[in-house]
Amino acid sequence: MLTKRIIPLFLLKGSRLVKGSHFGDYVDVGDPVSQAMIYDAQGAEEVVILDIEATKHDRMIDTSIITEAIEKCRLPIAAGGGIKNLEDAHCCFRAGADKIVINSHAALNPDLVKEMSDEFGSQSVVASIDVNKSAGGRYDVYIFSGTKKIDIGLEKLVETYLANGIGEIIVTSIGQEGTLSGFDCDLYQKLRPLVNVPLIASGGSGSYDDMVNLFQKSDCDGVALGKMLCLRDYDIVRIKSYLKGKNVLIRET
Amino acid sequence: MKIGIINYSLGNVGSVLSAFNFYKTDAKLVSQPSDIDQCDLVVLAGVGNFKTAVDRLKSSGFWERLNQAVTMEGKTLLGICLGMQLFADLSFEGGSQPGFGWIKGKVIKIDDKSVRIPHMGWNKVQAFDNNIFQGMHQQYFYFMHSYHFVPEDKSVVVGTTKYGNTDIVAAVRHKNIIGVQFHPEKSQGDGLRLVRNLLEEIKC
């Protein structure tokens, strides 16, 4: 059977890897390619690389980083940041990306998802959605790296993406991101019945049991890990060994 | 031994090249159909839409040349992912579209309500071929697809993977052609081992 995926999620500012909390207070945590090689060697299932400044500066992720990573790693790489049309997506695939990740431009123009899934196949197109829980318990969707709230609700946006042929959805909780205090399990429990494509949880992982909890409660297909790997003493080998001990279906490496 | 990876502007052939380069082989991307003449092994990779792939292979002149290389010259060919699905005589991705027809069978959408589509991630392959799957660790490989190949003659199937209630065809082998639904170039150690096994097998 298909195993759960442990996915290091890399945030880029230009050519450097950064990590913050609540989508701010970023610190430099190294070189994306050398970090990707480390997690590849440890047996990560995939790496997601997102340039968080690309859309703001109206440019795209530096595709030379994708090329260097795929030449040195033997795992799938999903890339995103500033992809706003088919040509941008072609650039990423030509550079070697296995999947492209779209966020702000897809939320502003959901037809983009349809164009891309028609051209590249659903399996190559991933949507990333950033959400924040409002005081009333509603999940608001934010674009431009968490700086701008949009009017469309989370459920509606997910429904539109699915109708347009999205192949996978990564949902990041802005409130939990970088806090190491655990995933927002309610969020994924709520989304899971609505999402019939792979769903990846992101934001808040800080311990082994955070992941066990998430998988037990929500049946997500994978977890995206950031600070826990970059700034704490965890590695993929030990994470997998712990999860296996808790009967999470994990690929042995 | 020369290895040619067909570069028909669809998908990331760079990773495939990089996997072959790991074994210091004489592998290169091939953009002209005539370059196939010198190749001992041809690799047909590809992601995306079946029809788009067929159209691009035809417009670039690769279609005829590959057909000849496989059916007349007996050249060894490895098909990866969509490259394997192209072996079929018919695909139902976006209507119905004929493939090369090297192996009788159809490419259909995974039809199983109990699982999520696309089939995306690492799944374990049960192998029925002692050559290309030898010496591996756990036989987990990376899959990313919504359609799968169902050959008529089951004897060509040399690997399957379980997804929900479906035994998805993960690898096929028929005369001089070998196809894998997963991505060996993305499957870490066992993926590289498959490349090595193939290289050792065809060593002249």
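Laboratory data are not the source of any read-out in this text; all were calculated from the coordinates shown. Predicted model, so just to flag it, every value in this text is computed and none were measured. Here the Cβ is made from the backbone with ideal geometry for all residues, glycine too, and neighbour counts use every protein chain on show.
For the stretch B:154-204, the set of residues classified as within 14 Å of chain A (Cβ to nearest Cβ) and assigned to a helix (DSSP H, G or I) consists of B:Pro184, B:Glu185, B:Lys186, B:Gln188, B:Gly189, B:Asp190, B:Gly191, B:Leu192, B:Arg193, B:Leu194, B:Val195, B:Arg196, listed by residue number. Scanning the stretch B:105-125 for residues that are in contact (Cβ under 8 Å) with a residue 40 or more places away in the chain and either of a type outside the set (Asp, Glu) or buried (at least 21 other Cβ atoms within 10 Å of the Cβ) (or both) yields a count of 11.
If you filter the stretch A:162-201 down to residues that are among the hydroxyl-bearing types (Ser, Thr, Tyr) and touching a residue at least 40 places away in the same chain (Cβ under 8 Å), you find that the one that is surrounded by the fewest Cβ atoms within 10 Å (Cβ to Cβ) is A:Thr179.
Looking only at residues in the stretch A:218-234 that are over 14 Å from the mean Cα position of the chain (by Cα) and within 24 Å of B:Phe143 (Cα to Cα), the one that is surrounded by the most Cβ atoms within 10 Å (Cβ to Cβ) is A:Ser218. Just one of the listed residues (A:Ala78, A:Ala44, A:Ala69) is within 16 Å of the chain's Cα centre (by Cα), farther than 20 Å from A:Ser173 by Cβ, crowded, with 23+ Cβ neighbours inside 10 Å and within 14 Å of chain B (Cβ to nearest Cβ), and it is A:Ala44.
Residue check: is A:Met37 in a helix (DSSP H, G or I) and in contact with a Lys or Arg (Cβ under 7 Å, 6 or more places away or on another chain)? Yes; evaluated as a whole, the condition is true for this residue.
Note on the stretch A:202-253: enclosed helices (runs of 4 or more DSSP H) holding 1 or more residues that are without any contact (Cβ under 8 Å) to a residue 40 or more places away in the chain are A:208-218, A:236-245.
Here A:Leu86 clears all of (1) of a type in the set (A, V, I, L, M); (2) surrounded by fewer than 21 Cβ atoms within 10 Å (Cβ to Cβ); (3) more than 14 Å from every other protein chain (Cβ to nearest Cβ) except the condition numbered (3). Only one of A:Asn247, A:Asn213 is out of contact with any Leu (no Cβ under 7 Å at 6 or more places or on another chain) and at positive phi; which? On inspection, the qualifying residue turns out to be A:Asn247. Taking the criterion of being away from chain B (no Cβ under 11 Å), of a type in the set (A, V, I, L, M, F, W, C) and closer than 28 Å to B:Gly191 by Cα, the residues of the stretch A:18-41 that qualify are A:Val33, A:Ala36, A:Met37, A:Ile38. If the condition is being farther than 30 Å from A:Arg192 by Cα and of a type in the set (A, V, I, L, M), then the stretch B:116-149 contributes B:Ala127, B:Ile132, B:Met136. Which of the residues belonging to the stretch A:107-129 are of a type outside the set (A, V, I, L, M, F, W, C) and either at the interface with chain B (Cβ under 9 Å from one of its Cβ atoms) or without any contact (Cβ under 8 Å) to a residue 40 or more places away in the chain (or both)? If the condition is that a residue be of a type outside the set (A, V, I, L, M, F, W, C) and either at the interface with chain B (Cβ under 9 Å from one of its Cβ atoms) or without any contact (Cβ under 8 Å) to a residue 40 or more places away in the chain (or both), then A:Asn109, A:Glu115, A:Asp118, A:Glu119, A:Gly121, A:Ser122, A:Gln123, A:Ser124 are the ones that fit.
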